[in-house]
Structure formats: C-alpha cells, structure tokens
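Colleague: Handing you a structure now.
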Amino acid sequence: MQGPGSNNSDADFEYYNNDYPNYPRQSDSKFPNLNVSLFGENIVYLNDKWSVTPGIRFEYINTKRDEIIKDIVTDAAGNVINDNLREEKETNERTFLLLGVGTSYKKSKALEFYGNISQNYRSVTFSDISTANPAFEISPDITDEKGFTIDAGFRGNYKNYFSYDANIFGLFYNDRINIYTREDGKAERDNIGDARILGIESLVDFNLKKMFLMNSNFVFNYFLNSSFITSEYTKSEKNGVVGNEVEFIPNVNIKTGFKFGYNNFIASLQYSYLSRQFSDATNASGGSISGVTGEIPAYSIVDFSTSYRYKFAKLEAGVNNLLDNAYFTRRATGYPGPGIITSAPRNYYVGLELKF
C-alpha cells in the first residue's frame, strides 16, 4: 500500500487518507505468486574416479498483479484538477523445463577436474514491475529471462600445505532484465537484450602454520580470492547498448588477507577491491535525471576482526572499513533515494556470546 502518513515526529506507520484525501499517489497492490517445481538428479559413477550427474527440473509459475491506483493532480491553490482512479489486473502463467549435467574426475586427493552446464531462468519479480518514482518507468512488455551457464575447473588440497579451486565460466542471458537510460533521460526497466559474461575465478588458501613448522596451538593462513570478468551486450533493440558492459559486473574483484590465531584467540585482516562498474546498460557515466543510473567508481576496503573464547563465553570485536574510505556500491530507485546510497564509514563492533 502507498498513501499519506502523519506529520508527527514519531514512527507512525498508519495511513491518513481521511486527513489528506488529495495525496498525489494512493495505491493498494497485491502481487500473489504460485511457484511449483519438480526436480531430481542422479550421480552415475563411470568408474572409481569419474562421475556424471544429470539433472532435470520442471517449473510452473503463475505471477499475478491486482492493483487499485489513484493519482491526484492539484493546482497551486490545492484544488483537484485531475482525479484518476484505475484498477489494473494482470496474470502471467508459464511452464518450462530446465536441464543440466555436471561431471567430476578425481585424479588424486590433490587434484580433481570438474565441469557443469545448465539452463537458467529468471522470472519477472515484484520489484521488476513496481515503481512509484515519476522519473523511473517500467516497460509494459517486460518478460522473463532465459539462458544457460557453463563452467570448468580444477581443485584440490596438496598435502595440507595449500588448497585451491580455479575455474573458467560463461553466463549467457537472453532478454536480460535491468535498467536502461532512454534518450529523454528517463530510466526504464525492460528486457535490455542478450548478454555474454566470461570470467576466471580462483581461491587459494596457504597453510602457513605447516609451511613454517609451527605447533598445533597456532592458526596461520593466507588466502587470495580473485575473479577477472569480461561482459558484453551482444544483441539489443535499444540504441547504444550493443558492445556495452553488463551492469553491476566489475572487471576485477579481489579479496585477500591473513588469519592468525593462538589457542583461543583468532584475528583476521581482509583487503577487498572492486573495479568500477555501471548501474545501467547504457554505461552512462554521468547518470540520468532520475539519479538511479550512472557509474559506480572503483573502491577498496580493509576489515579487521578478532575473537577470544574462554569456556562458555566468546568475545568478538572488529573494525569495518578500517581506512575510512568513502565509497558507494549502489543507487537506489526508492527510499531513501533515488540516487547514490553511501556505504558506512569506519565503524566498530563488540559482541559477547554465551553458551550454557
């Protein structure tokens, strides 16, 4: 529901339609959904090292929209010049089948090869078809996404000195849903077009305790988690989209840090870096009149945490955004936006956990 609230200073979540009957936007909306699925998979062992896992999933989705919307326009004196009351109903019913298969070959305890391919599907959601921002619109022809995902890689653990997992992957979307900045400057959510996302991911964890021959009372690890991604819209009916990067996908994403402990004391330090990314398919660096689209600059943060356990008690403390960097990760389409939502500055926390 949407309508007028009170002008009091307390947190009052009641509606005051009788006190403010000419509130410009009043609505009562229902979005009932029914999702039923049947799925199954089975591991087939070709030998003691090689297995294949096929899977199948049947989906039934029924998405409905039932809205009563009242838009009121007044002149400068507060007189109603347009009172538009409308009832909108919509039903979107569909069934589909999704297939996938994965395989794994365990050469030894230190090395395993794997690969997967599967169809994917993303249905239109409530947030896709609902907005109250006058500078932001929803396309009436918006439909579900379809595509498939493929990946291949290797992983293992070498004599407990280090563990690793590295893979290459590809995500392929048809009719990807997101925000598009139109030529008139307004932001619109629609099926932007077909997109291709390719990347390399890896995670390596070094057991420094064993490398430095430290005794069992210590914990000492270094980890590096990284991904390098390239993304592109390969087909679109929108102007200025083909060849652009896909929104909210940074080219570089790195997390690295140390974990150190002695007996009941544990401390960790983590550094994170994300390269710049875009919030809409036009890759608009200057943004739009709605403030919901534009570039999200690269940023890095450092987090520090500690904990100490003594019998039934555990004390935790830490500092997030240790270097107090100013950055943001998203642009909001509604409250408290529209526009940039800044991330938290340096902040501290302390917690006590008791187990009896």
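Colleague: Near the amide H of Ser343, under 5 Å away, which other amide H atoms are found, from residues 5 or more places off or on another chain, if H is placed in the peptide plane?
Modeller: When sequence neighbours closer than 5 places are left aside, the close amide H contacts are Tyr327, Phe328, Thr329.
Colleague: In whole angstrom, how far apart do the alpha carbon centroids of the range 66-139 and the range 1-45 sit?
Modeller: The distance from the Cα centre of the range 66-139 to that of the range 1-45 comes to 15 Å.
Colleague: Among Val204, Val246, which comes first, then next, by fewest other beta-carbon atoms within 10 Å?
Modeller: Val204, Val246
Colleague: Report relative contact order for the range 236-319 in percent, whole number only (criteria: Cα-Cα under 8 Å, sequence separation at least 6).
Modeller: 26
Colleague: Extension gain Asn263-Ser139, at 0.36 nm per residue separation less the Cα-Cα distance, in nm?
Modeller: Numbers: separation 124, 0.36 × 124 = 44.64 nm, distance 5.86 nm.
Full extension of this stretch gives 38.8 nm more.
Colleague: Let me ask another. If you take the beta carbon distance between Phe356 and Ser305 as r and set R0 to 25 Å, what does 1/(1 + (r/R0)^6) give as a FRET efficiency, to the nearest 0.05? Can you show the working numbers first?
Modeller: Values: r = 25 Å, r/R0 = 0.98.
Efficiency for this residue pair is about 0.55.
Colleague: Which of these, Lys106, Lys64, Lys314, has the largest mean-square fluctuation under a Gaussian network model of the chain (Cα springs below 10 Å)?
Modeller: Ranking Lys106, Lys64, Lys314 by mean-square fluctuation puts Lys314 first.
Colleague: For the chain, give the magnitude of the charge dipole about the Cα centre (Cβ charges: +1 Lys/Arg, -1 Asp/Glu; no others), in debye to the nearest 20.
Modeller: Working: 36 positive and 43 negative charges, 482 e Å.
Here the size comes out at about 2320 debye.
Colleague: Using the Cβ atoms and a cut-off under 11 Å, what net charge is assigned to the surroundings of Gly351, where Lys and Arg are +1 and Asp and Glu are -1? Could you put the intermediate results ahead of the total?
Modeller: On the way: positive: Lys314; negative: Glu316, Glu353.
With Lys, Arg at +1 and Asp, Glu at -1, the net is -1.
Colleague: Looking at the chain only, what percent of DSSP beta bridges run antiparallel? Nearest 5 please.
Modeller: Details: 159 of 162 bridges.
Rounded to the nearest five, the antiparallel share is 100 percent.
Colleague: Using +1 at the C-beta of Lys and Arg and -1 at the C-beta of Asp and Glu, which of Phe154, Phe136, Ile249 has the Cα lying farthest in the positive direction of the dipole of the chain?
Modeller: Phe154
Since every read-out is calculated from the coordinates, none of them should be taken as a lab result. Computed from a prediction, not measured in an experiment: that's the story for all the values here. Every residue, glycine as well, gets a Cβ built from its backbone with ideal geometry; the counts of neighbours run over all protein chains shown.
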